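Worksheet for the structure shown next.
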Amino acid sequence: MNQLSRRGFLTTTAGAAALATLAGCDSGSDSKGKGTDASKLSANREGAMDQFGVGDQFKATVPLSFSIMLLSNQNYPYKADWLFWSELAKRTNVTLQPTVVPASDYNQKRSVMVSAGNAPTLIPKTYHPDEEAFIAGGAVLPVSDYLDLMPNFKDKVAKWNLSGDLDQWREADGKFYLLPGLHQDVWKDYSLAIRTDILKQLNLPVPQTWDDLTTVLRAMKKAYPDKYPFSDRWSTPPQPGANSLLSIVGEAHGVWAGWSYQHANWDASAGKFVYTAATDGYKEMLQYLNTLVSEKLLDPESFTQSDDQARQKFAAGQSFVISANAQELVNHYRKEVAKISGATVAKIPVPIGPIGAAKTGSRLENGMMISSKIRNDKNFVALMQFIDWLWYSDQGQMFAKWGIQDTTYTGSVDDGSFKLTPDVTWAGINPSGKKNLQVDYGFSNGVFAYGGSTKLLDSQFTPEELDFQNVMNARKTLPLPPPAPLSSDDREQATLWQTSLKDFVNQQTLKFILGQRPLSEWNAFLSELKSHNSDQYISLVNKAYQDFKKNHG
């Protein structure tokens with residue numbers, strides 16, 4: 001989940017200049033990294049195509065095999081006989097050798113294997129900045145040096161003006177070490193689900209703003225005084241920082257909070273970073289949530305209860321509002337409230353707050369590290385071409401997402417004629433289908449299927465969800481903050497400060513929301529943040545921002 005607080009920084013001219021440099025490079029394809037000399041790769045081209053460009057089907061000239069760390073999702077656990085594997089080998093002449101790891105153990109297993117030097121070549125499902133732990137030891141490839149081998153990646157960066165987004169992942173040396181999923185547009189999924197039959201019963205409109213939501217909750221409380229109208233989830237383990245509600249309310253107030261909490265917020269008017277939890281926006285977010293709790297509109301257990309407890313309350317009619325995404329709405333909420341006569345539920349557009357009808361967020365998704373050991377392998381160029389086709393070409397993304405035309409789907413996403421074949425089901429689409437696209441075939445696997453055009457994204461949505469997306473897409477996207485990557489030495493110091501600060505902010509956030517600490521003590525809280533080195537941390541970040549701007553533009 002990436003909810004970024006963005007106040008303008010890149011001018012149109014600067015952004016266009018950076019993009020033109022990136023798009024125009026042939027051998028050193030990244031404007032901020034040094035690039036690579038193609039002549040130095042002559043010994044690493046076995047299996048590679050002599051000509052490989054945008055729109056070309058990659059197929060290795062000899063059979064190749066590459067190792068990959070594969071997260072096994074509990075909803076579609078790994079199967080060796082998935083159609084995905086055999087069709088991938090047929091199309092590309094590449095066989096992948098998976099090291100299968102359960103999702104619950106994935107991050108720990110990845111860290112152990114990379115640190116020990118025995119990780120597979122491809123290490124996907126890595127979330128920035130997790131890769132930073134492996135850079136100093138040289139375990140992962142500086143992938144930005146080799147973008148000249150990836151024409152589809154470069155094409156999408158140029159067409160979608162993603163250079164500013166990529167800057168967010170760069171290190172102090174100007175390079176990035178994680179290949180991200182690339183989205184054409186910022187898109188939103190997480191919002192609130194509301195019992196629409198209760199709205200109708202009380203003659204209440206769908207809330208458009210957070211203040212509207214307060215009005216709706218007050219009316220619900222008046223009609224049902226023995227209930228908390230809003231009881232929320234996604235706070236397990238109990239940690240107020242790991243919470244969807246704080247994330248979307250924080251975004252409405254222009255700050256990184258909840259799931260998206262970042263210690264530094266960009267203040268465009270001041271031209272510098274400030275400590276997030278010390279901002280007026282963060283205080284206003286706390287005040288809003290405290291009001292809901294103090295008026296008994298929001299269940300105070302929302303920040304500590306398990307997901308199951310929150311869902312059970314919603315399913316039993318003990319609450320009427322809960323955080324949601326599209327799949328939770330279809331897969332759980334509607335099924336669970338079906339036992340209540342006349343109950344209906346819908347996901348509403350994210351309510352609008354003080355920043356107005358705007359949205360924030362990165363167009364980069366989780367990405368893939370590549371073991372640096374492969375750089376000197378004879379098949380290195382072929383590997384990079386393969387990655388570029390599967391993860392970044394239109395054809396590869398369509399294959400990974402939806403499978404094989406006339407087998408798992410028909411039509412085209414470009415002209416809106418796309419449909420799953422009648423016997424295939426996925427996430428509420430074709431519910432009568434007997435074959436699950438993920439479980440039975442291995443397509444729409446989160447290891448391979450992410451990123452892509454807005455049309456590809458829209459192809460997965462029901463008409464109801466498309467309506468939600470259309471509302472969100474009409475909102476202005478706020479610009480990104482400038483990059484401020486820390487050096488490896490500064491990062492070590494910053495990590496120590498961050499750990500202490502995050503624990504303290506989480507504790508005090510919960511106390512302020514629940515009324516265990518009055519907001520009249522805000523100035524004391526600011527002083528306590530300083531005692532936890534918030535000023536020193538922000539000074540380090542602002543120095544990194546100035547250094548990066550000086551060294552890389």
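The values are calculated or read from the model by the stated rules, or taken from the named source; none is laboratory data. Please read all numbers here as calculations on a predicted model, not as lab measurements. Heads up, the Cβs are rebuilt from the backbone with ideal geometry, glycines too, and the neighbour counts pull from every protein chain shown. In case anyone asks, the SASA skips ligands and DNA or RNA and just uses the protein heavy atoms, side chains included. Shrake-Rupley method; radii C 1.70, N 1.55, O 1.52, S 1.80 Å.
So how strong a dipole does segment 483-551 carry about its Cα centre when Lys and Arg Cβ are +1 and Asp and Glu Cβ are -1, to the nearest 20 debye?
Working: 8 positive and 8 negative charges, 39 e Å.
So the dipole magnitude of segment 483-551 works out to roughly 180 debye.
Just to be sure I follow the rule: in segment 334-464, considering lysines 8 or more places apart or on different chains, how many pairs have Cα atoms under 18 Å apart?
8
Fully extended, how many nm does the chain gain between Lys200 and Asp414 (0.36 nm per residue separation, minus their Cα-Cα distance)? Show your work: numbers first, answer last.
Numbers: separation 214, 0.36 × 214 = 77.04 nm, distance 3.78 nm.
Working it through step by step, the gained length comes to 73.3 nm.
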Exercise for the section: Give the angle, between 0 and 90 degrees and rounded to the nearest 10, that separates the Cα long axis of helix 106-116 from the longest principal axis of the Cα atoms of the chain. Expected result: 40
Problem - Sequence-distant residues sharing a close amide H with Asp232 (under 5 Å, placed H) - result: Asp299, Ser302
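Can you classify segment 48-195 as rounded, prolate or oblate using the Cα gyration tensor, where a ≥ b ≥ c are the square roots of its eigenvalues, rounded means a/c under 1.5, and otherwise it's prolate if a/b beats b/c and oblate if not?
Values: a/c = 1.16, a/b = 1.03, b/c = 1.12.
Rounded, since a/c falls under 1.5.
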Completion exercise
For segment 204-328, averaging the sequence separation of alpha carbon pairs under 8 Å that lie six or more residues apart and dividing by its residue count, the contact order in percent is 34
Handout entry: Prolate/oblate/rounded label for segment 465-553 (Cα gyration tensor, a/c 1.5)
Key = oblate
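Quick check on segment 165-284: take the gyration tensor over C-alpha atoms, sort the square-rooted eigenvalues as a ≥ b ≥ c, and tell me if it's rounded (a/c under 1.5), prolate or oblate.
Working: a/c = 2.45, a/b = 2.07, b/c = 1.18.
Since a/c reaches 1.5 and a/b is larger than b/c, the shape of segment 165-284 is classed as prolate.
So, counting K/R as plus one and D/E as minus one, what does the shell of residues with Cβ under 9 Å around Met69 add up to?
Neighbourhood net charge equals +3.
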Problem - Accessible area per residue, Å², the chain with all protein chains present, probe 1.4 Å - result: 41
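Could you calculate the contour length gain from Gln312 to Tyr127, that is, 0.36 nm times the residue separation minus the distance between their Cα atoms, to one decimal place in nm? Before the final figure, lay out the partial values.
Numbers: separation 185, 0.36 × 185 = 66.60 nm, distance 3.11 nm.
Full extension from Gln312 to Tyr127 adds 63.5 nm.
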Practice task
For the chain, find the longest principal axis of its Cα atoms and tell me its angle to the long axis of helix 463-473, 0 to 90°, nearest 10.
Solution key: 90
Completion exercise
With -39,500 (n - 2.57) per DSSP H segment of 4 or more residues and division by the full residue count of the chain, the 222 nm estimate, nearest 500 deg cm²/dmol, is -10500 deg cm²/dmol
Practice task
Post the alpha-carbon centroid distance, segment 42-96 to segment 369-443, in whole angstrom.
Solution key: 12
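Translational diffusion coefficient, Stokes-Einstein: compute it for segment 232-382 using the Kirkwood radius over C-alpha pairs as Rh, at 4 °C and 1.567 mPa s, and state it as an integer in µm² s⁻¹. Don't skip to the end; give the middle numbers.
On the way: Rh = 18.1 Å.
Approximately 72 µm²/s, per Stokes-Einstein.
Arranged from highest to lowest average of other beta-carbon atoms within 10 Å per residue, in what order do the peptides 415-421, 177-183 appear?
Put in order of decreasing packing, that is 177-183, 415-421.
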Problem - Gain on full stretching of the segment that runs from Lys502 to Ser67 - 0.36 nm per residue minus C-alpha separation - result: 153.0 nm
Practice task
Count charges around Ala357 for me, please; just the other residues with Cβ under 10 Å from its Cβ, Lys/Arg as +1, Asp/Glu as -1.
Solution key: +3
Practice task
Treat each spin label as a single point 7 Å out from the Cα along the C-beta direction, and report the Asp212 to Asn75 distance in nm.
Solution key: 2.8
Practice task
Run the numbers on the chain and let me know its relative contact order in percent, using alpha-carbon pairs under 8 Å that are six or more apart.
Solution key: 23
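For the chain, which whole-number percentage of the solvent-accessible area (1.4 Å probe, protein heavy atoms only) is attributable to carbon and sulfur atoms? Spell out each step's value before the answer.
Working: 11160 of 22900 Å².
The C+S portion of the solvent-accessible surface of the chain is 49 percent.
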Problem - For segment 339-356, 3J(HN,Hα) per residue [Karplus equation, 6.51 cos²θ - 1.76 cosθ + 1.60, θ = phi - 60°, Hz, x = Gly/Pro] - result: 6, 8, 4, x, 6, 9, 9, 9, 8, 9, x, 4, x, 8, x, x, 7, x
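Packing-wise, with mean Cβ within 10 Å as the measure, how do 271-279, 91-99, 60-68 rank, highest first? Mind dumping the intermediate values first?
Details: 271-279: 19.9, 91-99: 17.7, 60-68: 15.2.
Those peptides, ordered most packed to least, come out 271-279, 91-99, 60-68.
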Practice task
First select every other residue whose beta carbon is under 13 angstrom from the beta carbon of Val101; then total the charges, Lys and Arg +1, Asp and Glu -1.
Solution key: +2
